[in-house]
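Colleague: First, the structure itself, so that you have it in front of you.
What follows draws every value from the coordinates through simple rules; no lab data is involved. Keep in mind that what you see is a predicted model, and the values were worked out from it rather than measured. No Cβ is skipped: glycine too gets one built from the backbone with ideal geometry, and neighbour counts run over all protein chains shown.
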Amino acid sequence: MKSDNRRITVAENSGFCFGVKRATDLLAKKIAERGGDGLYTLGKLIHNDTYTSRIEAEGVRISDASELDFIAGNSGPERPVEVFIRAHGVTDEVHKKLDELSSRYEHFSYIDCTCPYVEKIHRIAEECSSEKDGKEPVFILLGTENHPEVVGIVSYFKGRSFVFPDCASLKAAQDSLPSDSDVRIYAAAQTTSKLSEWEKFQLFLKKLYTKPIIFDTICRVTEKRQTEAETLASKCDFMVVIGGQDSSNTSKLYSVCRAVCPNTVCVSCAAELAGKIPNKCINAGIVAGASTPGDIIEEVYHTMSEEIKAGLSFDEMLDSACKTLNSGDTVTGTVIAVNDQEIKLDLGAKVTGILTADQTTDDASLKLSSEFKIGDEIDVFVIRVSDVDGTATVSKKRADLDKNWSKVIEAKENGTNLEGKVYEAVKGGVVIKVYGARVFVPASQTTVAKDGDLSVLVGKTVKFKVIELKPQGKSAVGSIRAAAREERKEVEDKFWSEIEVGKYYDGTVRGLTEYGAFIDLGGVDGMLHKKDLSWKPIHRPADVLNVGDPIRVFVKTYDPETKRISLGYITEENNPWTLFKAQYAVGDEIDVTISNLMTYGAFAHITDEVDGLIHISQISTERVNDPKDVLSKGQEVRVKITKIEDEQQRVSLSIRALDEDAPADFDGEAADEAQTEN
């Protein structure tokens with residue numbers, strides 16, 4: 001260990017462990033060779049946000065397994081792609097996916113940075129998956145169930161597996177575990193597990209099962225780091241644990257240190273020390289998780305060295321830590337442990353705060369362990385203090401409500417809109433939760449039709465106005481309809497302030513009539529008459545449009561007084577005749593489709609909206625009495641364009657003209673009469 005004259009000691013085994021250093025060195029080498037473009041990591045390479053930000057700044061992308069097909073498909077000679085498997089490893093399925101993609105795509109490859117200690121457990125899980133002596137293999141693991149390392153380990157075991165965060169959880173679940181006579185038990189621990197907890201875990205397993213096969217899988221570096229941290233913490237008045245908030249080994253170090261030194265804090269960088277450093281303390285210590293870069297440790301060390309010179313004495317700090325809590329107090333607590341059922345908080349007093357899931361959020365789907373991390377600070381309201389068991393029951397919801405009720409009052413006074421999620425549908429309306437307050441919206445103030453199903457709003461985030469306050473219970477009455485009406489008016493006012501003749505809008509068909517279509521231009525409707533919808537005569541708009549169709553239109557005329565807008569769709573640019581002339585000329589030989597047969601000839605589609613006439617005299621070099629004898633509707637034939645009449649928008653076609661030796665006896669007047677008649 002090293003220390004300075006202010007007695008700040010940094011544990012020797014702090015910072016990058018072997019597995020993390022190996023992973024970061026491999027990535028650093030690649031960045032130096034080719035830059036970060038085309039380099040990806042599957043999840044965070046290590047659990048440290050500062051390091052992650054640094055490699056992202058170099059161009060490295062943090063991805064997940066769902067993106068692998070896209071990433072591999074976009075590799076190529078100009079941009080070869082390499083994916084780095086994080087130190088925690090990946091699941092068996094993801095590993096197989098990487099193998100398959102690397103064999104399919106020439107310029108896609110991956111580099112496995114899985115820690116050797118983690119790989120060892122993968123092999124154990126695979127080898128223990130097969131049945132022996134007629135007994136079913138069962139895998140029991142000490143670890144954090146949703147941690148990437150644990151998720152990966154469990155995937156390699158092809159049988160029933162159980163994961164417990166501690167021995168107490170194992171004991172609580174013993175009745176649901178398989179009986180000793182039917183199974184063969186294998187047990188291991190997450191590499192960063194706390195050694196003392198693993199020892200208790202093993203002892204209890206041996207009471208449950210006669211011959212459990214237990215593998216020693218805790219990383220020796222982790223074990224040594226925890227032992228050193230415990231020794232250092234026992235000699236210090238103040239401990240700082242440095243590491244990522246989602247780092248398992250950091251949380252274990254925090255737990256070990258706090259058990260012997262109650263005045264322990266957890267930070268990810270020096271900036272988070274603000275307001276947490278006691279001054280003139282007798283002895284301070286620093287330990288760091290396995291994913292903490294060395295420069296961050298140095299920065300914390302120097303920050304403590306500078307700030308520990310002045311301020312409160314350590315005795316004063318200890319006095320403030322022993323303050324008395326009373327029911328009704330609102331205090332700030334620091335997370336010292338978290339699972340999906342409850343959070344334990346350091347309240348700076350003699351009791352530990354217990355914050356349950358139902359006192360944290362109304363969202364039953366929210367997992368506390370994904371939302372809160374060790375070291376987070378939470379404002380809570382003290383419901384009850386028990387000196388007997390040394391705990392205080394607290395509520396974040398109540399603290400949020402007390403803190404934010406003024407915002408609800410302010411919204412009512414100023415007439416501003418609030419936004420919240422519809423929590424439930426009740427008799428006569430729906431309930432919205434906002435700032436911890438309960439807002440009731442009567443059915444008549446929702447946007448649901450009278451006697452409609454209010455449950456369609458549940459789970460949706462909506463805007464509403466506060467129309468009545470109930471200070472006694474800190475609840476309110478709101479109106480979604482009023483907010484929607486106001487928002488609609490704002491949209492309309494903005495629209496009318498910007499509208500111009502000739503301006504184009506991307507609209508949506510909202511309704512159809514016999515004479516036209518109503519187009520939603522973004523909160524405001526315009527009318528598109530059927531004569532402005534198509535160059536060809538149409539019977540009704542429904543012949544060419546459906547409700548919900550997107551359509552690009554322009555403003556022909558508008559009247560702000562009556563709020564009427566006349567829209568156009570057809571332009572000279574999309575005129576079928578203009579498009580035809582731009583593409584074809586007299587003398588062109590083209591393929592056409594016979595669309596209609598008459599006694600004087602055949603009409604054929606040149607484009608979707610332009611037809612030409614093949615006069616009977618131009619169908620063949622032989623005499624033709626009836627076009628039906630030679631041609632049929634839908635038949636494709638090759639023709640030559642012999643005449644284009646711009647004013648009448650008529651086209652004459654000839655099959656006969658393809659034969660250069662054919663006599664020129666085309667009856668032009670007859671063809672003109674035929675097209676006129678058609």
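Colleague: Rg over Rh of segment 173-234, using C-alpha atoms and the Kirkwood radius, what does it come to?
Modeller: The Rg/Rh ratio comes out at 1.09.
Colleague: Here's a follow-up. What is the sum of charges around residue 171, taking Lys and Arg as +1, Asp and Glu as -1, for the other residues whose C-beta is under 12 Å from the C-beta of residue 171?
Modeller: Net local charge, residue 171 excluded: 0.
Colleague: For the modelled label position 7 Å from the Cα of residue 638 along Cα-to-Cβ, which residues of segment 569-598 have backbone nitrogen atoms closer than 17 Å?
Modeller: 587-594
Colleague: Here is a follow-up. Using all alpha carbons of segment 356-430, what is the percent of pairwise distances in each 5 Å bin, ordered from the shortest bin to the longest?
Modeller: All Cα pairs, binned at 5 Å, distribute as 3, 11, 15, 20, 21, 15, 9, 5, 2, 1 percent.
Colleague: Taking the Cα centre of the chain as the origin, how large is its charge dipole in debye, to the nearest 20, when only Lys and Arg (+1) and Asp and Glu (-1) carry charge on their Cβ atoms? Write out the running numbers ahead of the final one.
Modeller: Values: 84 positive and 110 negative charges, 772 e Å.
Roughly 3700 debye, rounded to the nearest 20.
Colleague: Ranked highest first by the average count of other Cβ atoms within 10 Å around their residues, in what order do 99-108, 579-588, 15-24, 245-254 fall?
Modeller: Highest-to-lowest ranking by the protection proxy: 245-254, 15-24, 99-108, 579-588.
Colleague: By count of other Cβ within 10 Å, fewest leading, how are 296, 213 ordered?
Modeller: 213, 296
Colleague: Take the alpha-carbon centre of segment 1-80, take the same for segment 553-628, and report the distance between them in whole Å.
Modeller: Taking the Cα centre of each part, segment 1-80 and segment 553-628 sit 63 Å apart.
Colleague: Next question, about the same structure. Which entries of 556/581; 97/158; 44/403; 421/494; 407/433; 531/556 show an alpha-carbon separation above 24 angstrom in the structure shown?
Modeller: 556/581; 44/403; 421/494
Colleague: Could I ask something else about it? Among 649-657, 37-45, how do they line up from the highest to the lowest mean number of other beta-carbon atoms within 10 Å?
Modeller: Those peptides, ordered most packed to least, come out 649-657, 37-45.
Colleague: Could you list 88, 122, 529 in order of exposure, starting from the residue whose Cβ has the fewest other Cβ atoms within 10 Å?
Modeller: Starting with the residue having the fewest Cβ neighbours, the order is 529, 122, 88.
Colleague: State, as an integer percentage, the relative contact order of segment 117-218 based on alpha-carbon contacts under 8 Å between residues 6 or more apart.
Modeller: About 32 percent, as a whole number.
Colleague: Okay, next question. Evaluate the charge dipole of segment 499-570 about its Cα centre and quote only its size in Debye, nearest 20, assuming +1 on the Cβ of each Lys and Arg and -1 on the Cβ of each Asp and Glu. Intermediate values should be presented prior to the final figure.
Modeller: Numbers: 10 positive and 10 negative charges, 40 e Å.
For segment 499-570, the charge dipole is close to 200 debye.
Colleague: Based on the alpha carbon coordinates of segment 117-218, what radius of gyration and maximum Cα-Cα distance (Dmax) apply, in Å?
Modeller: Over segment 117-218's Cα set, Rg and Dmax evaluate to 12.4, 34 Å.
Colleague: For a Förster distance of 30 Å, can you work out the FRET efficiency between the beta-carbons of residue 208 and residue 96, rounded to the nearest 0.05?
Modeller: About 0.30, to the nearest 0.05.
Colleague: With label points built 7 Å along Cα→Cβ from the Cα atoms of residue 379 and residue 607, find their separation and express it in nm.
Modeller: Rounded to a tenth, the inter-label distance reads 6.6 nm.
Colleague: Which pairs, out of 489/530; 465/563; 200/252, put more than 25 Å between their alpha-carbon atoms? Don't jump to the answer; show the numbers that get you there.
Modeller: Details: 489/530 29 Å; 465/563 27 Å; 200/252 16 Å.
Over 25 Å Cα-Cα: 489/530; 465/563.
Colleague: Which whole number in µm²/s is D for segment 586-653 by Stokes-Einstein, with the Kirkwood Rh taken over Cα pairs at 20 °C and 1.002 mPa s?
Modeller: Translational D for this selection: 179 µm²/s.
Colleague: Classify segment 18-115 as rounded, prolate or oblate, taking a ≥ b ≥ c as the square roots of the eigenvalues of its Cα gyration tensor: rounded when a/c is under 1.5, otherwise prolate if a/b is larger than b/c and oblate if not.
Modeller: Numbers: a/c = 1.74, a/b = 1.23, b/c = 1.42.
Verdict is oblate for segment 18-115.
Colleague: If you don't mind, there's one more thing I want to ask. Quick check: Cα centre of segment 163-189 to Cα centre of segment 100-145, how many Å?
Modeller: Centre-to-centre distance over Cα atoms comes out at 21 Å.
Colleague: Take every Cα-Cα distance within segment 494-616, group them into 10 Å bins from 0 onward, and report for each bin the whole-number percent of pairs it holds.
Modeller: Cα pair-distance distribution for segment 494-616, in percent: 12, 34, 26, 17, 9, 2, 0.
Colleague: Below 8 Å between Cα atoms, with a sequence gap of 6+, how large is the relative contact order for the chain in percent?
Modeller: Numbers: 1293 pairs, mean separation 43.6, N = 678.
Taking the mean separation of contacting Cα pairs over the length of the chain, I get 6 percent.
Colleague: Just to confirm my numbers, what's the Cα centroid distance between segment 227-241 and segment 354-395 in Å?
Modeller: One Cα centre to the other: 27 Å.
Colleague: When all C-alpha to C-alpha distances in the chain are sorted into bins of 20 Å, what percent of pairs does each bin hold, rounded to whole numbers?
Modeller: 13, 28, 28, 18, 10, 2
Colleague: I've got another one for you. Sorted from fewest to most neighbouring beta carbons within 10 Å, what does the list 598, 304 look like?
Modeller: Neighbour counts put them in this order, fewest first: 598, 304.
Colleague: Show me 199-207, 544-552 ranked by packing, highest mean number of other Cβ atoms within 10 Å first.
Modeller: 199-207, 544-552
Colleague: On the principal axes of its Cα set, how long, how wide and how thick is segment 499-570? Give whole Å, largest value first.
Modeller: 31, 21, 20
Colleague: At a Förster distance of 51 Å, what's the computed FRET efficiency of residue 561 paired with residue 146, Cβ-Cβ distance as r, to 0.05?
Modeller: The formula returns an efficiency of 0.25 here.
Colleague: With a cut-off of 8 Å between alpha carbons and a minimum separation of six or more residues, what is the relative contact order of segment 499-570 in percent?
Modeller: Relative contact order here is 37 percent.
Colleague: May I ask you to list the aspartates and glutamates whose Cα is less than 15 Å away from that of residue 463, ignoring any residue fewer than eight positions away on the same chain?
Modeller: Partners within reach: 419, 486, 487, 490.
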